[in-house]
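*Asks:* Pasting a structure below so you can have a look.
The values are calculated or read from the model by the stated rules, or taken from the named source; none is laboratory data. Computed from a predicted model, the values in this text were never measured in an experiment. Please note: Cβ atoms are built from the backbone with ideal geometry, for glycine as well, and neighbour counts cover all protein chains shown. With ligands, DNA and RNA removed, areas are computed over all heavy atoms of the protein, side chains included. Shrake-Rupley method; radii C 1.70, N 1.55, O 1.52, S 1.80 Å.
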Amino acid sequence: MLDTITNRQFEIIEAAGKILSASGVSGLTIKNLALEMKFSESAIYRHFNSKEEIIGALLAYLAESMDKRLEQEFSNHKNPLENLEMIFASQFKFFAQNPHFVVAVFSDGLMEESQKINAAILKIMQVKIKHLMPVIMQGQQQGYFTNAITSEELIHIIMGSFRLQMFKWRIANFQFDIERQGRNMVDAITTLIKNESQR
């Protein structure tokens with residue numbers, strides 16, 4: 001996807017993200033997209049066959065770019081706590097630079113659209129878990145994180161906290177510093193999940 005998407009297709013999915021963030025699924029029409037981009041509806045159809053295909057491309061782009069970004073930034077030389085902080089620093093930095101893609105954190109209305117879109121949303125979740133699970137499991141094995149809670153439950157807590165932070169930013173119309181607030185969130189989470197010996 002990252003290698004095959006054209007510049008124009010990327011511009012279209014960026015514009016779609018802006019409309020989805022501002023107006024939801026009902027606001028994303030080919031007509032509104034053409035107005036946002038200041039060219040004809042037929043020009044949109046030259047790149048995508050439908051609204052569903054545009055949303056699917058947006059979600060696929062986000063899953064693949066997140067996977068690639070986190071693989072590049074992950075370091076075997078860091079301890080699990082540092083890698084956990086890195087994962088979220090990378091995510092908050094990306095969304096600070098691309099707030100119109102925040103819609104990918106939520107499935108509001110998207111899951112009612114089609115099975116293809118459901119599969120694309122699931123892919124994003126799987127990519128997050130793919131990078132979080134080894135860090136959490138390694139942290140528990142090495143005594144950084146508590147073993148009083150299973151790794152699956154820890155991931156639910158962490159991902160839920162991230163989603164809530166992004167929701168607060170979205171309803172505040174992206175007006176506060178998400179990277180700073182994100183660091184505060186990660187500090188709070190790590191305080192909660194650290195093993196007693198690490199506190």
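*Asks:* Which shape class, rounded, prolate or oblate, goes with region 13-64 when its Cα gyration tensor gives a ≥ b ≥ c as root eigenvalues, a/c under 1.5 marks rounded, and past that a/b bigger than b/c marks prolate?
*Replies:* Details: a/c = 1.84, a/b = 1.22, b/c = 1.51.
It is oblate, given that a/c is not under 1.5 and a/b is not larger than b/c.
*Asks:* For Thr150 and Glu82 in one chain, what is 0.36 nm times their gap in residues minus the Cα-Cα distance, to one decimal in nm?
*Replies:* Contour length minus the Cα-Cα distance gives 22.5 nm.
*Asks:* Now, a different point. With a 1.4 Å probe and all protein chains left in place, how much of the accessible area of the chain comes from carbon and sulfur atoms, in whole percent? Spell out each step's value before the answer.
*Replies:* Numbers: 5310 of 10550 Å².
The value for the chain is 50 percent carbon and sulfur by accessible area.
*Asks:* Quick check on my link table: of Lys18/Lys128; Lys38/Lys123; Lys51/Lys130, which ones sit more than 26 Å apart, alpha carbon to alpha carbon? Show your work: numbers first, answer last.
*Replies:* Values: Lys18/Lys128 23 Å; Lys38/Lys123 32 Å; Lys51/Lys130 29 Å.
Over 26 Å apart, Cα to Cα: Lys38/Lys123; Lys51/Lys130.
*Asks:* Among residues other than Gln91 whose Cβ falls under 13 Å from its Cβ, what is the net charge (Lys/Arg +1, Asp/Glu -1)?
*Replies:* Details: positive: Arg69, Lys93, Lys128, Arg163, Arg183; negative: Asp67, Glu73, Glu85, Glu179.
Combined, the nearby Lys, Arg, Asp and Glu give +1.
*Asks:* Let me ask something additional. Over what distance in Å are the Cα centres of region 3-21 and region 155-199 separated?
*Replies:* The two parts, judged by their Cα centres, are 28 Å apart.
*Asks:* Which cross-chain or sequence-distant (5 or more) residues have an amide H under 5 Å from the amide H of Phe145, H modelled 1.01 Å from N in plane?
*Replies:* Gln140, Asn195
*Asks:* Between Asp187 and Thr6, what is the label-to-label distance in nm when each label sits 7 Å out along the Cα-to-Cβ direction?
*Replies:* Computed distance between label sites Asp187 and Thr6 equals 4.8 nm.
*Asks:* Of (i) 147; (ii) 125; (iii) 117, which is the value of volume of the Cα convex hull per residue in Å³ derived from the coordinates here?
*Replies:* (iii)
*Asks:* So with the 1.4 Å probe, I'd like the accessible area per residue for region 1-58, rounded to whole Å². Could you put the intermediate results ahead of the total?
*Replies:* Numbers: 3080 Å² over 58 residues.
The answer is 53 Å² per residue.
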